[in-house]
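Step one of this worksheet: look at the structure below.
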Amino acid sequence: MPEIRPVTKENWKELIKLKVSDDQKHFVASNLYSIAEAQFGDDIPGEGHWDMFPYGIYDEGKPVGFLMVSYNYDFARFQGFILRLMVDESVQGKGYGKFGMNWMLEKYRADERVQVVGISYEPDNDVARKLYASLGFQETGEIVDGEALALLKLR
Ligand SMILES: CC(C)(COP(=O)(O)OP(=O)(O)OC[C@H]1O[C@@H](n2cnc3c(N)ncnc32)[C@H](O)[C@@H]1OP(=O)(O)O)[C@@H](O)C(=O)NCCC(=O)NCCS
């Protein structure tokens, strides 16, 4: 059974070694970039401040993937945003991505301050689109920074 662990001073160096294939690189930022970004969060005009929390996906003690959730309880439209999800190219297609998504959604479901969760992906990322749609995300039709925006209403 896979498990999720927070990024710490002990494990960040093994998590930045995880990589997607060359043709997937434009779909997702590097884990090194994401871990750096999470130190500060982001202030988005019209939305306010997003806090970011990075995690590793592990199986049998080994790192297999990476994910990052973010929160902005003051934003009326969506209060949770799934910022990152990647599975190492050597172990894709084994259910780790779906496991990570379900873990994030459970985390958001357990937080009453989160009513709606957002996610975005490049329009040609068919694997991601189908995975998110299977979990209930609906595209809004907007393209934000080149990515399709999809939302899931939790409550
Ligand atoms: C998208 C990603 C995280 C999915 O993780 P994964 O562990 O490979 O996916 P899973 O094994 O959990 O499979 C999820 C679903 O996608 C399908 N799938 C996975 N890889 C696939 C592939 N190469 N082609 C077609 N379908 C695929 C699975 O069959 C499964 O569907 P099902 O539930 O109907 O069986 C992973 O492929 C990845 O890291 N891609 C590159 C980075 C990226 O695009 N991240 C998302 C940015 S928005």
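General remarks:
- Scanning segment 60-70 for residues that are open to solvent by 30 Å² or more (accessible area, probe 1.4 Å) and in a strand (DSSP E or B) yields a total of 2.
- The residues in segment 66-125 that are basic (Lys, Arg) and within 18 Å of PRO54 (Cβ to Cβ) can be counted, and the count is 2.
- The lone exception for GLU10 - which of (1) within 21 Å of VAL117 (Cα to Cα); (2) open to solvent by 20 Å² or more (accessible area, probe 1.4 Å) it fails: (1)
- When SER120, SER134 are checked against the criterion of being open to solvent by 70 Å² or more (accessible area, probe 1.4 Å), near the ligand (Cβ under 8 Å from one of its atoms) and at pLDDT 95 or above, a single residue qualifies: SER134.
- Among the candidates TYR33, TYR73, the residue that is under 23 Å from VAL144 (Cα atoms), part of a helix (DSSP H, G or I), more than 9 Å from the ligand (Cβ to nearest atom) and of a type in the set (Ser, Thr, Tyr) is uniquely TYR33.
- If you go through segment 76-103 and keep only what is near the ligand (Cβ under 9 Å from one of its atoms) and in a helix (DSSP H, G or I), you end up with GLU89, VAL91, TYR96, GLY97, LYS98, PHE99, GLY100, MET101.
The values are calculated or read from the model by the stated rules, or taken from the named source; none is laboratory data. Keep in mind that what you see is a predicted model, and the values were worked out from it rather than measured. Note that we place each Cβ from the backbone using ideal geometry, even for glycine, and neighbour counts take in every protein chain shown. All accessible areas refer to the heavy atoms of the entire protein, side chains included, with ligands and DNA or RNA removed. Shrake-Rupley method; radii C 1.70, N 1.55, O 1.52, S 1.80 Å.
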